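Written out below as structure tokens is the structure these notes cover.
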Amino acid sequence: MIKTIQARIFPFIITLSALTVSASAAFYSVSGLSKLFAGAAFAVIIMAASLEVAKLVIASLLYQYRKNLPKLLKYYLSVACLILILITSMGIYGFLSAAYQETAAKAGNIDSQIALIETKRDNVKEQLAIYNAEKESINEAVSSLRSGLSNNVIQYTDTLGNVITTTSSSTRRALEKQLDQAIGRQTEINTRVDGLNQQLFEYETEIVEVTNNANIGGELGPLKYLSGLTGKPMDQIINWLLLTIIFVFDPLAIALVVAANFAFAQLKPKIASRETITEELNKESEVKTVKEIVYKDNPLLKHPRIQEAIKHARRAGEL
């Protein structure tokens with residue numbers, strides 16, 4: 001009982017699977033072809049949809065009437081079905097490649113934005129390095145000037161023999177003037193360094209925000225990983241993947257359509273032809289004739305015990 005139910009339900013499951021795969025393949029193919037011929041998208045959609053339906057009909061026709069179709073018509077339909085499979089595969093390739101190109105274009109724009117921000121950041125780093133070097137030299141100059149001010153001492157001996165210690169006012173004024181200029185420059189440089197550090201922080205933050213808001217890493221992450229693993233560019237990897245998909249997608253849909261026809265054919269009761277019935281009847285009559293000859297010509301069958309065994313076998317329905 002369960003096996004009978006399974007045998008009757010399974011063809012419908014195959015049919016549902018065939019229709020699902022065929023419908024999805026048709027949708028991707030029609031969408032892809034409409035993008036390839038964007039100038040007449042609506043007309044291409046109508047044409048491609050009708051060809052998809054015709055392809056499924058041809059596959060069923062070739063299976064159902066494979067023995068009765070004329071050879072020329074059968075060859076033409078087979079070639080037409082193969083060409084339609086190629087057209088569908090081309091449409092699927094166009095649809096999937098367009099989707100990849102859209103994502104790749106977004107990734108390219110994000111990369112360009114990040115590259116521009118990184119260029120600005122590198123310029124700030126270069127200016128920061130120059131100001132830091134100047135800051136170090138000014139710090140050394142300030143230290144030297146302060147040391148000069150503290151050491152600005154003149155010693156001499158007067159007429160009485162006393163050692164007199166004094167400072168040079170002109171030298172001190174010159175050193176103080178230079179020190180004031182150095183401190184002013186030092187303050188200016190510190191202000192500029194603080195501003196450049198703030199800009200550098202803003203650029204780094206902007207890079208992180210652009211990268212996170214793009215949400216491209218999740219879409220192209222596996223491809224980037226495969227690209228790094230194989231050493232091949234992402235375009236080549238996606239081309240291999242698309243070719244693998246199109247060589248499986250539509251041929252699988254046609255195979256499932258043929259399988260559904262085969263499964264439903266198995267559910268039909270087998271009707272014996274007149275020739276088959278005649279052959280079976282002839283075989284039965286030949287067997288009966290042989291039995292009669294054997295029973296008639298074999299003397300051992302006339303033995304009482306054997307006759308009794310034959311009677312019991314006939315009562316049991318074995319003969």
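The values are calculated or read from the model by the stated rules, or taken from the named source; none is laboratory data. Since the model is a prediction, treat every value here as computed from it, not as a measurement. Note that we place each Cβ from the backbone using ideal geometry, even for glycine, and neighbour counts take in every protein chain shown.
Remarks
- Considering only residues in region 25-40 that are free of Cβ contacts under 8 Å to residues at least 24 places away in the same chain and surrounded by 14 or more Cβ atoms within 10 Å (Cβ to Cβ), the one that is nearest to Leu242 (Cα to Cα) turns out to be Phe27.
- Qualifying residue in region 123-136 (condition: modelled with pLDDT of 70 or more, within 59 Å of the chain's Cα centre (by Cα) and small (Gly, Ala, Ser)): yes
- Every pair of residues 6+ apart whose Cβ atoms lie under 6 Å, when the first sits in region 90-114 and is surrounded by 18 or more Cβ atoms within 10 Å (Cβ to Cβ) while the second is aromatic (Phe, Trp, Tyr): Ile92/Tyr28; Ile92/Phe249; Phe95/Tyr28
- Selection of region 54-80 for residues being of a type in the set (A, V, I, L, M) and surrounded by 12 or more Cβ atoms within 10 Å (Cβ to Cβ) yields Ala54, Leu56, Val57, Ile58, Ala59, Leu61, Leu62, Leu69, Leu73, Leu77, Ala80.
- Qualifying residue in region 70-92 (condition: more than 30 Å from Met234 (Cβ to Cβ) and outside any helix (DSSP H, G or I)): yes
- Among the residues of region 43-66, just one is of a type in the set (Phe, Trp, Tyr) and free of Cβ contacts under 8 Å to residues at least 40 places away in the same chain, namely Tyr65.
- Scanning region 238-254 for residues that are surrounded by fewer than 20 Cβ atoms within 10 Å (Cβ to Cβ), within 12 Å of Ile85 (Cβ to Cβ) and either not assigned by TED's automatic domain parsing to the domain that holds Val53 or not aliphatic (A, V, I, L, M) (or both) yields a count of 2.
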